[in-house]
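The values are calculated or read from the model by the stated rules, or taken from the named source; none is laboratory data. None of these values were measured; they are calculated from a predicted model. Cβ coordinates were reconstructed from backbone atoms using ideal geometry, including for glycine residues, and neighbour counts include every protein chain displayed. Ligands, DNA and RNA are stripped out before the accessible areas are found, and what is left, the full protein with its side chains, is counted by its heavy atoms. Shrake-Rupley method; radii C 1.70, N 1.55, O 1.52, S 1.80 Å.
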Amino acid sequence: MKKIISTMLILAAASTMLFANGQKESSSVSTSAKKIGVSMPTKSLQRWNQDGANMKAELEAAGYSVDLQYAGDNDIPTQVNQVENMVTSGCDAIVIAAIDGSSLTSVLKEAQDQNIPIISYDRLIMNSPAVSYYATFDNFGVGVIQGEYLRDAIKLDSKSASDPAYLELVTGAPDDNNCVYFWGGAMSILEPYIKSGAVVIKSGQTTRQQCSTPNWSNTESQKRMENIISANSYGPKGQKLDGVLCSNDSTAQGVTNALKEVGYTSANFPIVTGQDCDITSVKNMIAGTQSMSVFKDTRTLATKVVGMVDALMKGTTPEINDTKTYDNGVKIVPSYLCTPVYASNDNIQKLLIDSGYYTKAQLGL
Ligand code: BGC
């Protein structure tokens, strides 16, 4: 009996012992005792539903219990409350895809005080020392892929100030830190052409702020594009429009709707970029009303993050591949960057169908 009690005491002590870096040590305890909070921004975009479902399934398969929450439709106070509940209800680690990278500072202070590791998922949480790790895709690389696609599809190298290409620019939520990188990557390719006059942006809207879309909403991007179209007389029979840089698929869908409204068809559709390979956008690609997207396999990201959680719970060091890029204003957050992949009608069979990401039926094929 004495032996059993002392064994229990040793196990209990082991389960609460802290490492010097604040991680809860647990190698001697089954992961089934551990609860992981997963906070996602919205249910209204396909990708976050996939991200949440993948994370839950993989964490459960690894033996964790999961508290998965969606913050309504990008509602910041809801996300703050949900994370607060995860802290007070005893989650052992919390994974967060932040709506507004800067609004979580005080709730994360509570998490840090309780040595709960925080992993920033896809979007970097800003201004907080509590963020332990970050896993995302190479967000600058996403923008580069989009910019290069526009450059090559519109043959910008053969354009000049006397024979320019006409583009418009649409990016995402101003409070999403990823936008800084998407925009930066695309502009690293397009800016020289804009400066030389080989690309003309007739709306004159060329800053990230001017081109942003609140909450990445397709309704907002559609409204903005409708205004730009009417103010500049763009149309198949009006002012030529060669392409629209869109930072993701939801903004691209709004732009596509606005272009269709003024009579563009697959025969003369301007080049429209995207990101995520949302089903709606892949269908638009097949229909010729969106030109490309960037595939970010959410299964890969979930696997990486689950690996990070598992390492932290077992007191080992998570795998990272970037220690320079992501400064959140307080520290450079050690990161793992997954690789984004260019997607267009040329490769969707292999990339999306053969890989099992979508069935043909889901894409209406
Ligand atoms: C993600 C994109 C997504 C966008 C809108 C970004 O932070 O990286 O994949 O399209 O948010 O939800």
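Are there any pairs with C-beta distances below 8 angstrom linking a residue in region 342-365 that is under 16 Å from Gly274 (Cβ atoms) to a residue that is open to solvent by 80 Å² or more (accessible area, probe 1.4 Å), with the two at least 6 apart or on different chains, and if so which?
Leu363/Lys283
Are any residues in region 52-86 in contact (Cβ under 8 Å) with a residue 60 or more places away in the chain and at positive phi, and if so, which ones?
Of everything in region 52-86, just one residue is in contact (Cβ under 8 Å) with a residue 60 or more places away in the chain and at positive phi, namely Asn74.
Filter region 317-341 for residues that are of a type in the set (Val, Ile, Thr) and without any contact (Cβ under 8 Å) to a residue 12 or more places away in the chain; which is farthest from Gln146 (Cα to Cα)? Can you show your working first?
Taking region 317-341 as the starting set, the residues that turn out to be of a type in the set (Val, Ile, Thr) are 317, 320, 323, 325, 330, 332-333, 339, 341.
Still in the running and without any contact (Cβ under 8 Å) to a residue 12 or more places away in the chain: 317, 332.
Details: Thr317: 34, Ile332: 26 Å.
So, considering only residues that are of a type in the set (Val, Ile, Thr) and without any contact (Cβ under 8 Å) to a residue 12 or more places away in the chain, the one farthest from Gln146 (Cα to Cα) is Thr317.
Residues checked against (1) at positive phi; (2) open to solvent by less than 10 Å² (accessible area, probe 1.4 Å); (3) within 12 Å of the ligand (Cβ to nearest atom):
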residue: Val142; (1), (2), (3): no, yes, yes
residue: Glu148; (1), (2), (3): no, no, no
residue: Arg151; (1), (2), (3): no, no, no
residue: Lys155; (1), (2), (3): yes, no, no
residue: Asp163; (1), (2), (3): no, no, no
residue: Gly172; (1), (2), (3): no, yes, yes
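Please specify each residue of region 280-317 satisfying the condition of being of a type in the set (D, E, K, R) and part of a helix (DSSP H, G or I).
Of the residues in region 280-317, the ones of a type in the set (D, E, K, R) are 283, 296-297, 299, 304, 310, 314.
Scanning region 280-317 gives Lys283, Arg299, Lys304, Asp310.
Hey, among Asp138, Asp163, Asp152, Asp157, which residue is acidic (Asp, Glu), in contact with a strand residue (DSSP E or B) (Cβ under 9 Å, 6 or more places away or on another chain) and modelled with pLDDT of 95 or more?
Values: Asp163 fails: in contact with a strand residue (DSSP E or B) (Cβ under 9 Å, 6 or more places away or on another chain); Asp152 fails: in contact with a strand residue (DSSP E or B) (Cβ under 9 Å, 6 or more places away or on another chain); Asp157 fails: in contact with a strand residue (DSSP E or B) (Cβ under 9 Å, 6 or more places away or on another chain).
The match here is Asp138.
Report, by residue number, each residue of region 174-205 that is over 19 Å from Lys223 (Cβ atoms), touching a strand residue (DSSP E or B) at 6+ places or on another chain (Cβ under 8 Å) and open to solvent by 60 Å² or more (accessible area, probe 1.4 Å).
Correct list: Ser196 only.
Report, by residue number, each residue of region 166-189 that is of a type in the set (D, E, K, R) and at pLDDT 95 or above. Step through it out loud before you land on a result.
If we filter region 166-189 for residues that are of a type in the set (D, E, K, R), which is where we start, we get 168, 175-176.
Residues satisfying the conditions are Glu168, Asp176.
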